1. So, of the residues in the range 271-293 that are closer than 30 Å to ASN196 by Cβ and part of a loop (DSSP other than H, G, I, E, B), which turns out to be nearest to the chain's Cα centre (by Cα)?
2. Could you please find all residues in the range 73-91 being assigned to a helix (DSSP H, G or I) and either within 9 Å of the ligand (Cβ to nearest atom) or at pLDDT below 95 (or both)?
3. Which of the residues spanning the range 93-120 are touching a strand residue (DSSP E or B) at 6+ places or on another chain (Cβ under 9 Å), more than 16 Å from the ligand (Cβ to nearest atom) and assigned to a loop (DSSP other than H, G, I, E, B)?
4. Sort out which residues of the range 272-299 are among the hydroxyl-bearing types (Ser, Thr, Tyr) and under 18 Å from GLY142 (Cα atoms), and write them in order of number.
5. Quick check on the range 157-179. Is at least one of its residues over 22 Å from ALA274 (Cβ atoms), away from the ligand (no atom under 14 Å from the Cβ), free of Cβ contacts under 8 Å to residues at least 40 places away in the same chain and small (Gly, Ala, Ser)?
6. Go through (1) assigned to a loop (DSSP other than H, G, I, E, B); (2) within 16 Å of the ligand (Cβ to nearest atom) one by one and return the number of the condition THR123 breaks.
7. I'd like to know if the range 127-147 contains one or more residues that are over 25 Å from PRO215 (Cα atoms), away from the ligand (no atom under 16 Å from the Cβ), outside any loop (DSSP other than H, G, I, E, B) and hydroxyl-bearing (Ser, Thr, Tyr).
8. For PHE245, work out the one condition from (1) hydrophobic (A, V, I, L, M, F, W, C); (2) farther than 29 Å from LYS83 by Cβ; (3) in contact (Cβ under 8 Å) with a residue 24 or more places away in the chain it doesn't fulfil.
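The values are calculated or read from the model by the stated rules, or taken from the named source; none is laboratory data. Just so we're clear, the structure is a prediction, and the values are computed from it rather than from any experiment. Virtual Cβ from ideal backbone geometry, glycine too; neighbours counted across all protein chains shown.
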Amino acid sequence: MATEKILVIGSQGQIGLELTQELRTIFGENNVIASDVKLPEIDNGLFEILDVMDKNRLNEVFKKHGVTQVYLLAALLSATAEKNPRFAWDLNMEGLFNVLNAAKEGIIKKVYWPSSIAVFGPTTPKQQTPQYTVMEPNTIYGISKLAGERYCEYYHQKFGVDVRSIRYPGLIGYKSAPGGGTTDYAVHIYHEAIKNKAYTSFLNAETELPMMYMPDALQATIGLMEAAADKVKIRSSYNVAGMSFNPEQIAAAIRKHIPEFKIDYNPDFRQAIADSWPQSINDSFAKEHWGWQPKFNLETMTEDMLNNLKGH
Ligand code: AKB
């Protein structure tokens, strides 16, 4: 079997940092190339400076390393995208086109591209949001992700491109910091609980959102990429679910370990973004098609997060 050469684009971001590590453990250090627009803080393996919007440079990197698979993670998330909508659109779409076109031309064989629960909007059913439902996102991030999903499916159907995608909920991990998302509060709250035993949430107490612990997200991502092609029946993007909670509930889970922890609320512009998203997700297609199964719930994640952050 020919060795896969995997390029992670956006390797310095929240998912990229952890996914690159995990892929290197599975596929070997020399078969996973990290890339980003900025140099890594710690030099720990093959790395290329790469702006995914620069098509020539992208093709140069593909050629240099004989890349067969791409995990395209470079994107602006929901909150940052609202502040810079034009750039968000350009980055989120142009990067995807460049990679899909390389796959169409046969330069690379397989593409992973993350979508998000942000593809849903205020008119979508909020509880147990189905795979197929009303999709009228009202954030630029959500609009770009929905357009991206349509492009992925189009490239698969028209040109046979092997592209796979997941609609991530909010992702929570202790190894890397999130950047620019609406769900980021659920990461910061753990850091502040340990440091200050208090946190001011930018979402109100009742804002329930779908979330997932990073080990589950990595398992979903690599599980989907490694699934046999005929099991991947949805080529737009799969709903996946981990858990759902609101700020009050995560605070209560933290209090089981840090009884003096206090939370207060000061909602900002991210409240409206969160209010437009689902509260829980139905992921029965992912379970049925390629065997997706999450391991963590709010309690087990909280224990693991706090133990690991205390250790740092
Ligand atoms: C965000 O909050 O923007 C992201 C997402 C849900 O895609 N974490």
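1. In the first step, residues of the range 271-293 are kept if they are closer than 30 Å to ASN196 by Cβ; the result is 271-275, 277, 279.
Filter again for part of a loop (DSSP other than H, G, I, E, B), leaving 277, 279.
Details: TRP277: 15, GLN279: 17 Å.
Selected residue: TRP277.
2. Kept after step one, since they are assigned to a helix (DSSP H, G or I), are these residues of the range 73-91: 78-83, 85-91.
Scanning the range 73-91 gives SER78, ALA79, THR80, ALA81.
3. Hits for the range 93-120 are ILE108, LYS109.
4. Our first condition is that a residue be among the hydroxyl-bearing types (Ser, Thr, Tyr); within the range 272-299, this holds for 276, 280, 284.
SER276, SER280, listed by residue number.
5. Pass one, the range 157-179, residues over 22 Å from ALA274 (Cβ atoms): 157-165, 174-175.
Narrowing the set further to residues that are away from the ligand (no atom under 14 Å from the Cβ) leaves 157-164, 174-175.
Narrowing the set further to residues that are free of Cβ contacts under 8 Å to residues at least 40 places away in the same chain leaves 158, 160.
The next check asks that each one be small (Gly, Ala, Ser); those that pass are 160.
Yes - at least one qualifying residue is present in the range 157-179.
6. For THR123, the exception is condition (2).
7. For the range 127-147, residues over 25 Å from PRO215 (Cα atoms), away from the ligand (no atom under 16 Å from the Cβ), outside any loop (DSSP other than H, G, I, E, B) and hydroxyl-bearing (Ser, Thr, Tyr): absent.
8. If we test PHE245 against (1) hydrophobic (A, V, I, L, M, F, W, C); (2) farther than 29 Å from LYS83 by Cβ; (3) in contact (Cβ under 8 Å) with a residue 24 or more places away in the chain, just (2) comes out false.
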